[in-house]
Amino acid sequence: MVETAPCIHELNGSGFSGFHFSQLLAATNNFAFQCKIRSCGYADVYKGRLDSGLEVMIKRFHQNNSRSSLTFENEVRFHAKLLHKNVAKLIGCCSERGEALLVYESLPNGSLSDTVTGTRVSLNWSERFKIILGIARGVAYLHDCCGIQIMHGDLNPQRILLDSYMTPKITDFAFAKVCSPDGRERHKGSLLGTRGYMDPGYVIDRIYSVKSDVYSFGITLLEIITAKRPDALFKDAGDLVRLPTMAGSMEMYHMIDPALHGESKMAEIMRCIQIAVWCSRPNAGDRPSMWDVLLMLSCESATLRVPEPSQSQCDTQEPCEGVLSDSEITEPR
């Protein structure tokens, strides 16, 4: 029997707090524009300060939106009891006056996406590798160490925020799911996720598992190394198909962010590219587990025995073309 995530009423006494709307109104100066950090399609995120002096992030879901209601409930169910250094801490929530709000720990350095592909700051390899390790630890925790096997469902640099020490924190559990022991589920309805980071098997067959997160991690890892988003890195489906043959080649070397070309640990960078390629294999069965990934990242002596790719419909260019139409994808922004 598959365990389920806790409901809101089961969280009393777990360190999860209930807030009054008036408290959060005061914390954000009536949700002032200057306190707004970002928008994500179904909600706006603000920085705020509670009466206790604690600085927080407050996500205010849009009213009269069915997606907002479902997302709020899903985030509370999956996020509230998670406790890990690399998962953003959900402090509490508010559900009154028709409002739905979530209160998180403050993460002042914004999203990984803004840092890696934006112009705000340039990270050296040591800083990037620390972030890569943190993300891997956080995902491994979700998959195997939090009591239930959770698939995040939308892992990408926009869903990873950085604290004041540049520690990565996984957030936004809008599309999270509990996976069954055999690890494979069939999804009905429109695709849920962010274009460019979605498991090809999920896109084509609507089959998802924790290996879908592994794929998303692989694409995220490539983005950290190249400083390019998937739409810039892969011009078409053929580029993804050719990716395994590019690992370790000069072609892949030239894709590395030029800011890293002078780094002394180029061998480690190329090793991470190989790991990313393994993670982003089109066939889920060819991908490693996140614990395998963590071992390969943490131990330089661990041998990279990347298996030969299996042949499947995901390994060819043709079936992937045109499958990601806007009408089929529910994509938070």
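The values are calculated or read from the model by the stated rules, or taken from the named source; none is laboratory data. Bear in mind that the values here come from a model prediction, so they are computed numbers and not experimental data. Every residue, glycine among them, receives a Cβ derived from its backbone with ideal geometry; neighbour counts consider all protein chains shown.
Checked against the criteria, residue 72 counts as buried (at least 20 other Cβ atoms within 10 Å of the Cβ), of a type outside the set (S, T, N, Q), closer than 29 Å to residue 141 by Cβ and free of Cβ contacts under 8 Å to residues at least 40 places away in the same chain.
Considering every residue within the range 87-110, establish whether at least one is more than 27 Å from residue 25 (Cβ to Cβ), in contact (Cβ under 8 Å) with a residue 24 or more places away in the chain and of a type in the set (Ser, Thr, Tyr). No.
Are any residues in the range 137-160 at pLDDT below 95, in contact with a helix residue (DSSP H, G or I) (Cβ under 6 Å, 6 or more places away or on another chain) and either of a type in the set (Val, Ile, Thr) or not assigned by TED's automatic domain parsing to the domain that holds residue 195 (or both), and if so, which ones? The answer is 150, and nothing else. Checking each residue in the range 43-83 for being touching a Leu at 6+ places or on another chain (Cβ under 8 Å) and modelled with pLDDT of 95 or more picks out 48, 56, 57, 58, 59, 60.
Among the residues making up the range 206-231, those that are touching a strand residue (DSSP E or B) at 6+ places or on another chain (Cβ under 8 Å) and either part of a helix (DSSP H, G or I) or over 22 Å from residue 179 (Cβ atoms) (or both) are 210, 212, 213, 220. Being charged (D, E, K, R), modelled with pLDDT of 85 or more and more than 25 Å from residue 114 (Cβ to Cβ) is a property that does not hold for residue 195. Give the residue that is surrounded by the most Cβ atoms within 10 Å (Cβ to Cβ), with candidates limited to residues of the range 42-53 that are in a loop (DSSP other than H, G, I, E, B), over 22 Å from the mean Cα position of the chain (by Cα) and in contact (Cβ under 8 Å) with a residue 12 or more places away in the chain. Checking each candidate, the answer is 50.
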